[in-house]
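Here is the structure we will look at, set down as C-alpha cells.
The values are calculated or read from the model by the stated rules, or taken from the named source; none is laboratory data. In this text, all values refer to a predicted model and were calculated from it rather than measured experimentally. No Cβ is skipped: glycine too gets one built from the backbone with ideal geometry, and neighbour counts run over all protein chains shown. SASA here: full protein model, heavy atoms, side chains in, ligands and nucleic acids out. Shrake-Rupley method; radii C 1.70, N 1.55, O 1.52, S 1.80 Å.
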Amino acid sequence: MSAEEHRRLETIAVHAGHAADPATGAVNPPIYLTTTFARDSEGNLPHGYIYARSDNPTRRELEHALAALEGGETAIAFASGMAATAAVFQSMLPGEHVVAPQDAYYGTAKLLRDVMAGWGLASTFVDMTDLHAVAAAVRPETRLIWIETPSNPALAVTDIARVAEIAHAAGARCVCDNTWATPVLQRPLALGCDLVMHSTTKYLGGHSDLTGGALVSPADDEWAARLRLLQGLGGAVPSAFDCWLLMRGIRSLPWRMRGHCENAAAVAGFLSAHAAVETVHYPGLAFDPGHAVAARQMAEFGGMLAVEVKGGAEAALAVVRRVRLFTRATSLGGPESLIEHRASVEGPESRTPPGLLRLSIGLEHSVDLIEDLDQALVDATGR
Ligand SMILES: Cc1ncc(COP(=O)(O)O)c(C=O)c1O
C-alpha cells in the first residue's frame with residue numbers, strides 16, 4: 001500500500017480535490033463558471049468536457065473528494081440530497097420493490113409513497129432495528145433495502161452489516177443514507193453496503209450555505225454508470241460554486257465532527273437528567289436502545305439528538321418559543337445550533353411523537369447551549 005493510499009481521513013479531507021492549479025499555481029482550485037467547452041479545429045474536445053450539465057471540472061474535483069472520503073471508487077454529485085435519492089429510485093424498474101425504514105427522512109418516505117409508487121415501484125416501511133421485520137418485509141421482487149442510521153428524527157440505529165446481509169441473501173442491493181453520521185463516524189461501504197447517499201447540505205457542507213447531494217459507489221460499475229446517466233439527464237446537478245463551497249466545507253469535516261460530537265454528548269447528558277424531560281434519543285447514552293449497535297459501527301455518536309419534553313406538543317412548543325441561542329430552523333449540520341418541533345414541520349402525516357424536539361448541536365460552547373436549554377425548559381414547564 002502506498003503512503004497516499006494509507007492516509008487518514010483528516011489528511012484526505014484537507015487534500016482531496018485540492019491540488020495546486022497547474023495553470024496558475026493557485027493553492028485553491030478555480031471555480032469553472034462555464035456552461036460549455038471549446039472544441040479544437042478538428043472538432044475534438046481536448047479536455048474531455050462538453051457541457052456543464054454532463055460534467056464540469058469543479059464538479060469532477062468534488063466527486064473525487066467525495067469518493068476518497070467515503071472510501072468508494074466513484075462519486076456522483078447532485079443538486080440536493082433528494083435529487084440523489086430520486087436518482088437511486090429512478091434507476092429501478094416498475095414492478096420492483098424497496099424496503100425502507102418506517103422513520104426514514106420525511107422526504108425519502110414521501111418520494112416513495114407519492115411519486116415512485118405511481119411509476120410502479122412498490123415500497124414497504126419497517127422498523128429497521130428489528131431484523132426479523134426487515135427479513136419478513138423482503139419479497140421476491142425486492143431489489144433494494146434503504147437504510148438511514150441514525151434515523152431522522154428519532155435517532156433509531158440500524159445494524160448496517162446485518163441488513164446488508166439480508167439484502168444480499170435476497171439478491172437485493174443495500175443503500176445507506178449516511179448524512180447524519182458522515183464518513184467520519186460511519187463507513188457503510190466497509191460494512192457491506194452497495195451505495196452511500198448523502199445530503200451534502202448538512203455536515204459535509206457544514207456551514208448552512210449550500211444545497212447538495214451525493215452518491216458514492218464502491219465500484220465504477222454498470223449501476224454507477226446508470227446513476228451517472230440519471231445525473232446528467234435528470235439535470236439536478238450542483239452549480240460549480242456550490243461544488244467549490246462543498247469542497248471547502250469538506251476540508252474541516254473531521255475536526256468539525258469532533259466538536260459536534262463532544263457538544264452533543266454534553267447536551268444529551270444534561271438533558272437526560274433534567275426534570276422537564278421525558279426521554280432523550282441519543283445513541284451515545286448508555287441506556288439508548290441503539291447504543292450497543294452504534295458503539296460497534298460508529299466511531300462516535302454524532303451531533304444530532306432528539307428530546308421529548310414532558311407535557312407533549314404544547315410544552316415542546318413552549319420550549320422552542322423560549323430559546324435564545326438555538327435558532328428555530330429546519331436542517332442540520334451547520335456551526336449554529338438549531339431546534340425544531342418536527343411534528344409541526346412534517347404535518348398531519350407525521351409519525352413523530354408530539355413532544356419531540358430535534359436538536360442539531362452546533363459548534364458553540366456546550367455550556368452556553370446547556371444554559372440556553374435549561375432556561376427555556378424551566379421557564380416553559382416550571383420544572
Ligand atoms: C437524513 C436525510 N436524508 C436526506 C435529506 C434530504 O436532503 P436535501 O435537503 O439536501 O435534499 C435530509 C434533509 O434533511 C436528511 O436529513
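Go through the range 252-267 residue by residue and tally those that are in contact with a helix residue (DSSP H, G or I) (Cβ under 7 Å, 6 or more places away or on another chain) and either surrounded by 20 or more Cβ atoms within 10 Å (Cβ to Cβ) or modelled with pLDDT under 95 (or both).
Here the count works out to 5.
Yes or no: GLU42 within 14 Å of ARG228 (Cβ to Cβ), out of contact with any Leu (no Cβ under 8 Å at 6 or more places or on another chain) and more than 16 Å from the ligand (Cβ to nearest atom)?
no
Quick check on the range 64-83: of everything there that is assigned to a helix (DSSP H, G or I) and out of contact with any Asp or Glu (no Cβ under 9 Å at 6 or more places or on another chain), which residue is surrounded by the fewest Cβ atoms within 10 Å (Cβ to Cβ)?
So the residue we want is HIS64.
Here is a list of conditions, (1) under 18 Å from ALA13 (Cα atoms); (2) within 12 Å of the ligand (Cβ to nearest atom), and GLY206 meets all of them except one; can you say which number that is?
(2)
For the subset of the range 24-63 comprising residues that are surrounded by fewer than 17 Cβ atoms within 10 Å (Cβ to Cβ) and in contact with an Asp or Glu (Cβ under 7 Å, 6 or more places away or on another chain), which member is nearest to VAL237 (Cα to Cα)?
Only one residue fits best here, namely PRO30.
How many of the residues making up the range 138-161 are more than 10 Å from GLY290 (Cβ to Cβ), part of a loop (DSSP other than H, G, I, E, B) and modelled with pLDDT of 95 or more?
Number of matching residues: 4.
In the list ALA306, ALA225, ALA273, ALA264, which residue meets the criterion of being over 22 Å from ALA84 (Cα atoms) and free of Cβ contacts under 8 Å to residues at least 40 places away in the same chain?
Details: ALA306 fails: free of Cβ contacts under 8 Å to residues at least 40 places away in the same chain; ALA225 fails: over 22 Å from ALA84 (Cα atoms); ALA264 fails: free of Cβ contacts under 8 Å to residues at least 40 places away in the same chain.
Going through ALA306, ALA225, ALA273, ALA264 in turn, just one is over 22 Å from ALA84 (Cα atoms) and free of Cβ contacts under 8 Å to residues at least 40 places away in the same chain: ALA273.
Being over 22 Å from ILE361 (Cβ atoms), crowded, with 22+ Cβ neighbours inside 10 Å, touching a residue at least 60 places away in the same chain (Cβ under 8 Å) and within 16 Å of the ligand (Cβ to nearest atom): is that true of VAL196 here?
Judged against the criteria, VAL196 is a match.
Within the range 106-137, restricting attention to residues that are over 23 Å from the mean Cα position of the chain (by Cα), open to solvent by 40 Å² or more (accessible area, probe 1.4 Å) and closer than 17 Å to GLY95 by Cβ, which residue is modelled with the lowest pLDDT?
Once the filter is applied, the top-ranked residue is TRP119.
Quick test for you: out of VAL134, VAL98, VAL88, VAL115, pick the one residue that is under 27 Å from SER54 (Cβ atoms), free of Cβ contacts under 8 Å to residues at least 60 places away in the same chain and among the β-branched types (Val, Ile, Thr).
Only one candidate qualifies: VAL115.
Can you list the helices (runs of 4 or more DSSP H) lying wholly within the range 271-360 that have 1 or more residues being at pLDDT 95 or above?
In the range 271-360, 291-297, 312-322 are the helices (runs of 4 or more DSSP H) which contain 1 or more residues that are at pLDDT 95 or above.
Could you go through the range 202-215 and let me know if any residue there is within 12 Å of THR74 (Cα to Cα) and not polar (S, T, N, Q).
Within the range 202-215 (the criterion being within 12 Å of THR74 (Cα to Cα) and not polar (S, T, N, Q)), the answer is yes, since at least one residue qualifies.
Cβ-Cβ under 8 Å, sequence separation 6+ or interchain: first residue in the range 159-185 and in contact (Cβ under 8 Å) with a residue 12 or more places away in the chain and within 14 Å of the ligand (Cβ to nearest atom), partner open to solvent by 10 Å² or more (accessible area, probe 1.4 Å) and hydroxyl-bearing (Ser, Thr, Tyr). Which pairs?
These pairs meet every condition: ASP177/TYR105; ASP177/SER199; THR179/TYR105; THR179/SER199.
Which one of these does ASP114 not meet: (1) within 16 Å of the ligand (Cβ to nearest atom); (2) not in a helix (DSSP H, G or I)?
(2)
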